[in-house]
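To start, the structure itself, in structure tokens.
The values are calculated or read from the model by the stated rules, or taken from the named source; none is laboratory data. No experiment lies behind these values; they were computed from the predicted model shown. Here the Cβ positions follow ideal geometry from the backbone for every residue, glycine too, while neighbour counts run over all protein chains shown.
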């Protein structure tokens with residue numbers, strides 16, 4: 001479990017193709033604090049650290065994760081958002097983020113407003129039941145608040161600190177991003193389904 005508050009921006013040093021997926025090596029100041037077997041969210045995707053050394057950490061990416069996220073698109077040199085799991089005695093500053101990406105979206109527009117930035121992100125229709133105005137959403141692992149919502153895209157406003165301390169400043173229009181909807185919304189939709197209410201779209205429906 002994560003919070004969506006990014007601890008560090010790492011740099012993807014290496015991408016290796018394996019017989020079953022990918023192995024990523026990320027250079028990060030967090031490396032000295034990581035151990036093999038621990039979880040690490042990379043751009044909002046929960047991965048397991050397999051080795052640590054030389055200022056970096058390696059993690060394997062399964063074929064399903066390659067399919068469902070943007071990790072398979074990343075090239076060496078790419079900046080990635082990193083977060084370690086939430087400690088039981090820590091403050092929850094963002095929202096509950098599982099590191100289980102629901103779908104990928106696309107960055108449609110970036111508009112500066114003083115020191116702030118507006119970002120418009122398009123999303124697949126299957127996510128519509130889980131996205132609400134003023135609700136929480138994770139974009140590349142960053143906990144954000146939905147400020148505007150249309151049928152196919154949502155708007156978020158980025159504060160200067162988040163802009164400077166995440167990978168958002170390195171993204172451009174049409175770049176793909178990982179989206180994870182708020183887990184509370186997923187349970188509400190599931191209860192509605194079990195109660196016999198018809199839900200348009202939905203992650204469950206999309207898998208059948």
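Take the residues in region 53-74 that are part of a strand (DSSP E or B) and in contact with a strand residue (DSSP E or B) (Cβ under 6 Å, 6 or more places away or on another chain); name whichever of them is surrounded by the most Cβ atoms within 10 Å (Cβ to Cβ). If you could, list the steps in order and put the result at the bottom.
Applying the first criterion (part of a strand (DSSP E or B)) to region 53-74 yields 53, 56-61.
Adding the requirement that they be in contact with a strand residue (DSSP E or B) (Cβ under 6 Å, 6 or more places away or on another chain) leaves 56-61.
Numbers: 56: 20, 57: 29, 58: 18, 59: 22, 60: 16, 61: 21.
Step by step, filter region 53-74, then rank; the result is 57.
Could we say that residue 77 is in a loop (DSSP other than H, G, I, E, B), closer than 19 Å to residue 166 by Cβ and either in contact with a strand residue (DSSP E or B) (Cβ under 9 Å, 6 or more places away or on another chain) or in the same structural domain as residue 162 (by TED's automatic domain parsing) (or both) here?
Details: in a loop (DSSP other than H, G, I, E, B): yes; closer than 19 Å to residue 166 by Cβ: yes; either in contact with a strand residue (DSSP E or B) (Cβ under 9 Å, 6 or more places away or on another chain) or in the same structural domain as residue 162 (by TED's automatic domain parsing) (or both): yes.
Yes, satisfied.
Any idea which of 107, 34, 71 is under 19 Å from the mean Cα position of the chain (by Cα) and not assigned by TED's automatic domain parsing to the domain that holds residue 142?
Working: 107 fails: not assigned by TED's automatic domain parsing to the domain that holds residue 142; 34 fails: under 19 Å from the mean Cα position of the chain (by Cα).
Every option except 71 fails the conditions.
Output yes when any residue across region 74-83 is under 18 Å from the mean Cα position of the chain (by Cα) and over 16 Å from residue 177 (Cα atoms), and no when none is. Spell out how you get there, then give the answer.
Filtering region 74-83 for residues under 18 Å from the mean Cα position of the chain (by Cα) gives 74-75, 78-83.
Imposing the further condition that a residue be over 16 Å from residue 177 (Cα atoms) reduces the set to 83.
Within region 74-83, one or more residues are under 18 Å from the mean Cα position of the chain (by Cα) and over 16 Å from residue 177 (Cα atoms).
Against the definition (under 30 Å from residue 135 (Cα atoms) and not in a loop (DSSP other than H, G, I, E, B)), how does residue 10 come out, yes or no?
On the way: under 30 Å from residue 135 (Cα atoms): yes; not in a loop (DSSP other than H, G, I, E, B): yes.
It is true that residue 10 is under 30 Å from residue 135 (Cα atoms) and not in a loop (DSSP other than H, G, I, E, B).
Which residue out of 50, 15, 26 is within 15 Å of residue 166 (Cβ to Cβ), assigned to a strand (DSSP E or B), in contact (Cβ under 8 Å) with a residue 24 or more places away in the chain and touching a strand residue (DSSP E or B) at 6+ places or on another chain (Cβ under 8 Å)? Write out each step before concluding.
Working: 50 fails: within 15 Å of residue 166 (Cβ to Cβ); 15 fails: within 15 Å of residue 166 (Cβ to Cβ).
26 is the lone residue from the list that is within 15 Å of residue 166 (Cβ to Cβ), assigned to a strand (DSSP E or B), in contact (Cβ under 8 Å) with a residue 24 or more places away in the chain and touching a strand residue (DSSP E or B) at 6+ places or on another chain (Cβ under 8 Å).
For region 142-160, name all the residues that are under 18 Å from residue 92 (Cβ atoms) and surrounded by fewer than 19 Cβ atoms within 10 Å (Cβ to Cβ).
Within region 142-160, 145 is the sole residue that qualifies.
Can you tell me which residue among 50, 42, 26 is in contact with a helix residue (DSSP H, G or I) (Cβ under 9 Å, 6 or more places away or on another chain), within 25 Å of residue 67 (Cβ to Cβ) and at pLDDT 95 or above? Please lay out each step first, then the result.
Numbers: 50 fails: in contact with a helix residue (DSSP H, G or I) (Cβ under 9 Å, 6 or more places away or on another chain); 26 fails: in contact with a helix residue (DSSP H, G or I) (Cβ under 9 Å, 6 or more places away or on another chain).
Among 50, 42, 26, only 42 is in contact with a helix residue (DSSP H, G or I) (Cβ under 9 Å, 6 or more places away or on another chain), within 25 Å of residue 67 (Cβ to Cβ) and at pLDDT 95 or above.
Within region 99-131, which residues are in contact with a helix residue (DSSP H, G or I) (Cβ under 7 Å, 6 or more places away or on another chain) and assigned to a loop (DSSP other than H, G, I, E, B)?
101, 102, 115
Which of the residues spanning region 132-158 are outside any strand (DSSP E or B) and out of contact with any strand residue (DSSP E or B) (no Cβ under 6 Å at 6 or more places or on another chain)?
Initial filter on region 132-158 (outside any strand (DSSP E or B)): 132-135, 140-141, 150-152.
132, 134, 150, 151, listed by residue number.
Does region 179-186 contain any residue that is surrounded by fewer than 17 Cβ atoms within 10 Å (Cβ to Cβ), more than 28 Å from residue 118 (Cα to Cα) and at pLDDT below 95?
Looking through region 179-186, none of the residues is surrounded by fewer than 17 Cβ atoms within 10 Å (Cβ to Cβ), more than 28 Å from residue 118 (Cα to Cα) and at pLDDT below 95.
Of the residues 200, 190, 204, only one is modelled with pLDDT under 95, surrounded by fewer than 19 Cβ atoms within 10 Å (Cβ to Cβ), out of contact with any strand residue (DSSP E or B) (no Cβ under 9 Å at 6 or more places or on another chain) and closer than 23 Å to residue 62 by Cα; which? Reasoning before the result, please.
Working: 200 fails: closer than 23 Å to residue 62 by Cα; 190 fails: closer than 23 Å to residue 62 by Cα.
Only one candidate passes the filter, namely 204.
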